[in-house]
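Peer 1: Please find one structure pasted underneath; my questions will follow.
The values are calculated or read from the model by the stated rules, or taken from the named source; none is laboratory data. Small disclaimer: the values here were computed from a predicted structure and weren't measured. Note that each Cβ is placed from the backbone with ideal geometry, even for glycine, and that neighbours are counted across all protein chains shown. When the accessible area is computed, the model is the full protein with side chains, heavy atoms only, and any ligands, DNA or RNA have been set aside. Shrake-Rupley method; radii C 1.70, N 1.55, O 1.52, S 1.80 Å.
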Amino acid sequence: MAILTSVACLVVLAGAGWAPAALAAGSSGAPLPGRLAAAGVISTVAGGVGGPAKGTGVSLGPVSGVSFGAGAVYIADNWAVRKLNPRTGWLTTPAGTGFLSPPGDGGPAVSAGVQTGGVTTDHQGNLVVQDDQRLRVVAARAGTFYGQAMTAGHIYPVAGDGRQGFSGDGGPATAAELNDPLGVAVDRVGNLLIADTGNNRVRLVAARTGTFYGQAMTAGDIYPVAGNGTGGFSGDGGPAAGAELAAPQSATVDRAGNLIVGDTGNGRIRVVAVHTGTYYGQPMTAGDIYTVAGGGGNQGDGVPATSADLTLPLGMLVDGTGNLVFADAGSNRVRVVATSTGTFYGQAMTAGDIYTVAGIDNGTYGFSGDGGPATKAQLNSPVGVAEDSAGNLVVGDGNNYRARVVATSTGTFYGQAMTAGDIYTVAGNGIGSGTGDGGPATHAQLSFPEGLAVDHSGNLVVSDTTDNRVRVVATSTGTFYGQAMTAGDIYTVAGNGTGGFSGDGGPATKAKLNAPVPVAVDGAGNLLIGDLSNHRVRVVAASTGTFYGQAMTAGHIYTVAGDGVMGLSGDGGPATSAELTWVYGVTVDHAGNVVICQSSFDSADGRVRVVAARTGTFYGQAMTAGHIYLVAGGGPPLGNGGPATGAELNLPHQVTVDHAGNLLVADTHNEQVRVVAVRTGRFYGQPMTAEHIYPVAGDGLAGFSGDGGPATRAELHDPNQVAVDLAGNLLIADTSNNRVRVLAARTGTYYGQPMAAGDIYTVAGSGSSLFSGDGGPATAAGLDSPKAITLDGAGNLLIADTYHFRIRQVTFGAAGPAPLEPSP
């Protein structure tokens with residue numbers, strides 16, 4: 001949905017008491033005693049890669065490889081490596097953050113940025129990861145591996161200098177250039193085999209000094225073992241080093257020690273004989289290369305493998321009986337080349353012939369078949385296979401975002417009862433996220449969280465936008481929103497996870513939402529939701545009673561504004577009969593009125609509208625309870641200094657209320673924060689007239705500048721949200737600058753920095769979109785499109801780190817803002 005990738009308007013209602021200062025610091029997710037004393041320390045309090053959890057309860061990205069070793073299945077999951085326990089089915093993340101992050105060489109693998117393709121384990125139990133243009137190792141224990149002293153759980157480069165190219169043969173592997181190495185394996189003596197895809201070669205990093213594949217090698221150096229670097233097909237029956245390969249993407253070794261190459265671009269599987277002899281029904285000479293599967297035109301099964309048509313043969317293995325198993329990605333199947341005649345995978349097979357063991361025979365992609373025969377199931381671009389210790393086949397079902405198992409015997413595996421020959425999902429749920437309910441918030445997964453609020457009990461309310469849910473992180477144990485909750489755990493309080501519109505008048509957790517973005521809490525504790533693509537504002541009642549002119553039941557959901565039609569009509573009439581565009585912001589003013597910020601991609605459609613809570617005069621207008629009125633927007637460009645209803649708002653993405661009752665508007669594509677004065681007076685250093693609009697931050701140009709100087713001269717880039725702290729300072733989610741900034745309301749020290757009234761300062765975010773920084777200074781942390789901010793009662797800053805799928809907390813200790821002093 002294009003609207004979700006645009007900057008989004010989010011609202012804040014800063015409540016009291018939410019301060020789980022060390023939620024993310026403990027592996028259990030339980031709150032730790034006390035608050036972090038250091039100023040400006042950032043941590044994750046909800047979301048992330050997910051788990052530890054049952055593998056089917058965690059979302060995976062596109063799976064790019066699987067392997068089995070050291071007693072576990074390892075899954076290459078985009079920017080993380082997942083470890084799957086074959087007995088319990090539980091999934092953990094031993095390497096990677098799940099996001100684009102700094103490399104972190106020499107440090108803990110769980111904090112390092114990895115971009116995974118191939119993954120395997122070596123004979124020492126170390127995890128070997130193909131990471132962009134390098135191979136890296138996560139040490140299983142402290143020791144010296146690949147010529148380096150390593151610490152258990154830390155990550156180290158062992159091949160590739162990070163540059164894309166070709167160089168370095170015969171020298172140290174860490175000084176060599178690789179070109180998109182997409183496959184990695186370990187041979188029988190522990191050497192690393194690299195499918196150096198873009199260089200059309202297979203290369204080897206020697207584990208020790210000796211002679212391998214006919215070459216004298218030195219430990220830690222890199223050598224070519226197949227391919228001459230020219231993309232193409234040639235060389236069968238001759239020396240492997242002189243043969244042409246085309247984008248090889250996998251390599252492994254068989255039980256005789258022969259090197260097997262997935263010659264992907266040629267649609268073949270080829271073998272480099274390590275000794276002279278007969279293999280795969282062919283006489284072979286040591287050092288020469290031969291095709292053993294593919295190259296023919298027959299797409300059927302039960303035919304000689306060399307007459308078969310293969311399409312993108314990927315990750316391969318040699319199973320316990322010596323058969324060659326591989327993922328034929330282009331035909332959406334897992335296939336076997338039998339090396340002896342017998343019954344394998346429930347099928348009678350003839351030596352040298354090819355058979356399908358998973359995926360339907362016409363190769364149609366999709367997802368189906370779990371719990372039934374593997375040969376009747378649909379796969380979607382399977383990328384690799386592994387054999388676990390029970391002999392089951394683990395399939396990396398790439399574009400189904402799952403790891404699936406073909407059981408080779410009947411029994412219980414991965415915590416599931418399985419029948420021989422059937423297929424089962426063991427990791428990944430194939431959907432966005434939305435996982436982790438009822439468990440620690442730091443083990444849950446969020447999908448583009450775009451709204452934050454703190455309720456009256458101090459719980460954190462999160463819009464899990466593309467999961468079509470609103471979720472709550474409890475800060476104390478008790479019953480909230482009709483559910484028993486445990487401190488530190490996360491729960492869904494609205495939305496069933498399916499996009500759409502339904503459920504009004506019934507339980508909120510059974511209702512359909514459609515991209516909920518803003519959330520707020522009213523004076524009665526009811527939860528307000530901007531149901532963006534339903535063009536409505538909806539309420540989850542906190543208690544049974546009459547609110548917004550409707551009888552409501554606790555825990556049920558109701559519409560209070562919008563008729564579901566996208567438009568602008570209805571001002572002066574009942575709010576539930578009015579048209580709304582996309583509701584990017586919602587808040588409650590001091591009189592209890594609901595204030596709505598709505599936008600569309602037509603800049604003239606930006607509006608701030610008010611649903612009156614009672615009959616009276618508000619914002620200079622006579623209003624009737626339950627009716628809706630325009631208070632800002634709809635005019636010609638800008639209009640600063642004049643009536644707010646005569647000004648143009650350009651894709652405004654949030655509205656909130658300051659201590660004086662003024663409306664603060666994040667006028668996103670005008671690159672300003674603007675104020676609609678509630679009364680005539682002096683605010684933010686400017687004289688203002690009631691119901692007129694004024695800029696208080698941003699010069700109208702998109703960019704980043706101005707820290708330490710006047711806020712009205714600074715450049716902002718897509719400011720999405722404004723919040724007001726206890727001292728009256730304005731916090732701005734400067735989304736496309738990947739920062740949170742503060743406009744000081746008065747001169748003093750705030751957030752650990754001396755500030756001058758009217759000037760602007762960064763308090764979180766380095767400007768980098770790479771995920772980093774947990775446990776360190778907030779101003780050095782990487783944020784990616786922070787779209788929502790709020791403050792808890794202790795003054796800690798909460799940030800929706802949207803494209804990192806996390807909620808992060810910045811604790812300031814005594815360096816946070818002081819409470820606002822009473823006006824004289």
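Peer 1: Kindly provide the helix-only [θ] at 222 nm of the chain, computed as the sum of -39,500 (n - 2.57) over DSSP H runs of four or more divided by all residues, to the nearest 500 deg cm²/dmol?
Peer 2: Value at 222 nm, helices only, nearest 500: 0 deg cm²/dmol.
Peer 1: Just the ratio, please: alpha-carbon radius of gyration of the chain over 2.2 N^0.38 Å, N its number of residues.
Peer 2: 1.07
Peer 1: Put a dot 7 Å past each Cα toward the Cβ at V189 and T410; how far apart are the dots in nm?
Peer 2: Going from the T410 label point to the V189 one covers 4.7 nm.
Peer 1: Still on this model: Share of the chain's accessible area from carbon and sulfur, percent, 1.4 Å?
Peer 2: 53
Peer 1: In whole Hz and in residue order, list the ³J(HN,Hα) couplings for segment 712-722 that follow from phi through the Karplus curve 6.51 cos²θ - 1.76 cosθ + 1.60, θ = phi - 60°; x for Gly and Pro.
Peer 2: Result, ordered by residue: 6, 9, 7, 9, 10, 9, 6, x, 9, 8, 10 Hz.
Peer 1: Skipping prolines and chain starts, which residues have an amide H placed within reach, meaning under 5 Å, of the one on F145, given they are 5 or more residues away or on another chain?
Peer 2: M150
Peer 1: Could you state the principal axis extents of the C-alpha atoms in segment 351-413, from the largest down, to the nearest angstrom?
Peer 2: On the principal axes, segment 351-413 reaches 31, 29, 20 Å in Cα extent.
Peer 1: Using the Cα atoms of segment 618-722 to build a convex hull, what is its mean projected area in square nanometres?
Peer 2: For segment 618-722, averaging the hull's shadow over all directions gives 6.6 nm².
Peer 1: Let me ask something else about it. Do any trypsin sites (Lys or Arg not before Pro) in segment 626-730 lie in a loop, going by DSSP, with at most 15 other beta-carbon atoms within 10 Å of their beta carbon, and if so which?
Peer 2: In loop regions of segment 626-730 (DSSP not H, G, I, E or B), the sparsely surrounded trypsin sites (Lys or Arg not before Pro) are R679.
Peer 1: Check R268: other-chain or 5+ apart residues with amide H under 5 Å from its amide H, H built from backbone geometry?
Peer 2: Amide H neighbours of R268: D263.
Peer 1: Continuing with the same structure: For a Förster distance of 30 Å, can you work out the FRET efficiency between the beta-carbons of T486 and T553, rounded to the nearest 0.05? The partial results should precede the final answer.
Peer 2: Numbers: r = 25 Å, r/R0 = 0.82.
Given R0 = 30 Å and the Cβ-Cβ separation, E is 0.75.
Peer 1: Continuing with this model, one more query. Ordered by residue, what ³J(HN,Hα) values in Hz, to whole numbers, does segment 688-696 give under the Karplus form 6.51 cos²θ - 1.76 cosθ + 1.60, where θ = phi - 60° and Gly and Pro are x?
Peer 2: In residue order, the calculated couplings are 10, 9, 3, 6, 9, 10, 9, x, 10 Hz.
Peer 1: To the nearest 20 debye, what is the magnitude of the charge dipole of the chain about its Cα centre, counting +1 on the Cβ of each Lys and Arg and -1 on the Cβ of each Asp and Glu?
Peer 2: The calculation lands at about 1140 debye.
Peer 1: Find the Cα radius of gyration of segment 548-685, compare it with 2.2 N^0.38 Å by division, and give the number to two decimals.
Peer 2: Compactness ratio reported: 1.01.
Peer 1: Let me ask something additional. Among T343, A702, M316, whose Cα lies farthest out toward the positive end of the dipole of the chain, if unit charges sit on the beta carbon of Lys, Arg (+1) and Asp, Glu (-1)?
Peer 2: The listed residue farthest towards the positive side: T343.
Peer 1: Distance from a point 7 Å along Cα→Cβ of D504 to each backbone N in segment 593-622: keep the residues under 13 Å and list them by number.
Peer 2: Within reach of a label on D504, which here means backbone N under 13 Å from a point 7 Å along Cα→Cβ, segment 593-622 contributes nothing.
Peer 1: Now for a separate question. Of A487, S167, L135, which is farthest towards the positive pole of the chain's charge dipole, taken about the Cα centre with +1 and -1 on the beta-carbons of Lys, Arg and Asp, Glu respectively?
Peer 2: So the residue furthest toward the plus end is A487.
Peer 1: Something else: Projecting each Cα onto the charge dipole of segment 606-696 (Lys/Arg +1, Asp/Glu -1 at the beta carbon, about the Cα centre), which of F618, Q686, V673 comes out farthest on the positive side?
Peer 2: Towards the positive end, the residue furthest out is F618.
Peer 1: Calculate the radius of gyration of the Cα atoms of segment 233-327 to one decimal place, then report Dmax, the largest Cα-Cα distance, as a whole number, both in Å.
Peer 2: Computed over the Cα atoms of segment 233-327, radius of gyration and Dmax are 12.2, 32 Å.
Peer 1: Something else: Taking 51 Å as R0, compute the FRET efficiency from the Cβ-Cβ separation of D361 and T544 and round it to 0.05.
Peer 2: 0.30
Peer 1: How do the peptides 562-569, 183-190 rank, highest first, by the average count of neighbouring beta carbon atoms within 10 Å per residue?
Peer 2: Ranked from most to least packed, the peptides come out as 183-190, 562-569.
Peer 1: Any chance you could check the Cα centroid distance between segment 176-224 and segment 70-111 for me, in angstrom?
Peer 2: Using only Cα atoms, the two centres lie 24 Å from each other.
Peer 1: Something else: Amide H neighbours of A714 under 5 Å, counting only residues 5+ apart in sequence or on other chains, H built in-plane at 1.01 Å?
Peer 2: Answer set, sorted by chain and number: G698, D699.
Peer 1: Normalized C-alpha radius of gyration of segment 524-615, against 2.2 N^0.38 Å? Working shown, then result.
Peer 2: Values: Rg = 12.6 Å, N = 92, 2.2 N^0.38 = 12.3 Å.
Normalised Rg, Cα atoms only: 1.03.
Peer 1: Now for a separate question. Dipole size in debye (nearest 20) for segment 512-657 around its Cα centre, Lys and Arg Cβ +1, Asp and Glu Cβ -1?
Peer 2: Dipole magnitude for segment 512-657 comes out near 280 debye.
Peer 1: Taking a virtual spin label 7 Å from the Cα of S705 along the C-beta vector, which residues in segment 724-745 bring their backbone nitrogen under 17 Å of it?
Peer 2: 737, by backbone N distance to the label point.
Peer 1: Please give the per residue accessible area of the chain, computed with a probe of 1.4 Å over protein heavy atoms only, in Å².
Peer 2: Accessible area per residue: 32 Å².
Peer 1: Assign one of three labels to segment 598-652, namely rounded, prolate or oblate, based on the Cα gyration tensor with a ≥ b ≥ c the square roots of its eigenvalues; rounded applies when a/c is under 1.5, prolate when it is not and a/b is larger than b/c, and oblate otherwise. Could the numbers behind the result be given before it?
Peer 2: Values: a/c = 3.94, a/b = 1.73, b/c = 2.27.
Judged from the Cα gyration tensor, segment 598-652 comes out oblate (a/c at least 1.5, b/c at or above a/b).
Peer 1: Here's another thing I want to ask about it. Report ³J(HN,Hα) in whole Hz for each residue of segment 700-708, in order, from the Karplus equation J = 6.51 cos²θ - 1.76 cosθ + 1.60 where θ = phi - 60°; Gly and Pro get x.
Peer 2: Using θ = phi - 60°, the values come out as x, 9, 7, x, 10, 6, x, 4, x Hz.
Peer 1: Add +1 for every Lys or Arg and -1 for every Asp or Glu among the other residues with Cβ under 10 Å from the Cβ of D161, and state the total. Could you put the intermediate results ahead of the total?
Peer 2: On the way: positive: R134, R163; negative: E177.
Counting the neighbours of D161, the net charge comes to +1.
Peer 1: Kirkwood Rh, Cα Rg: Rg to Rh for segment 415-511?
Peer 2: 1.06
Peer 1: Where does each of 85-97, 530-542, 275-287 land if you order them by average Cβ count within 10 Å, highest first?
Peer 2: 530-542, 85-97, 275-287
Peer 1: How much length would be gained if the chain were fully extended between A622 and R87, taking 0.36 nm per residue of separation minus their Cα-Cα distance, in nm to one decimal? Please list the in-between numbers first.
Peer 2: Numbers: separation 535, 0.36 × 535 = 192.60 nm, distance 6.77 nm.
Length difference between fully extended and current span is 185.8 nm.
Peer 1: Still on this structure: Take every Cα pair under 8 Å in the chain that's 6+ residues apart, average their separations, divide by the length, and report that relative contact order as a whole percent. Display every interim value, and only then the final one.
Peer 2: Working: 2813 pairs, mean separation 100.0, N = 824.
Worked out over the chain, it gives 12 percent.
Peer 1: Stretched out fully, how many nm does the piece from S307 to D105 gain, at 0.36 nm a residue minus the Cα gap?
Peer 2: Once the chain is fully extended between S307 and D105, it gains 68.1 nm.
Peer 1: Follow-up question, since we're still on this one. So if I place +1 on the C-beta of Lys and Arg and -1 on the C-beta of Asp and Glu, and nothing else carries charge, what would the dipole magnitude of segment 139-191 be about its Cα centre? I want it in debye, nearest 20.
Peer 2: 260
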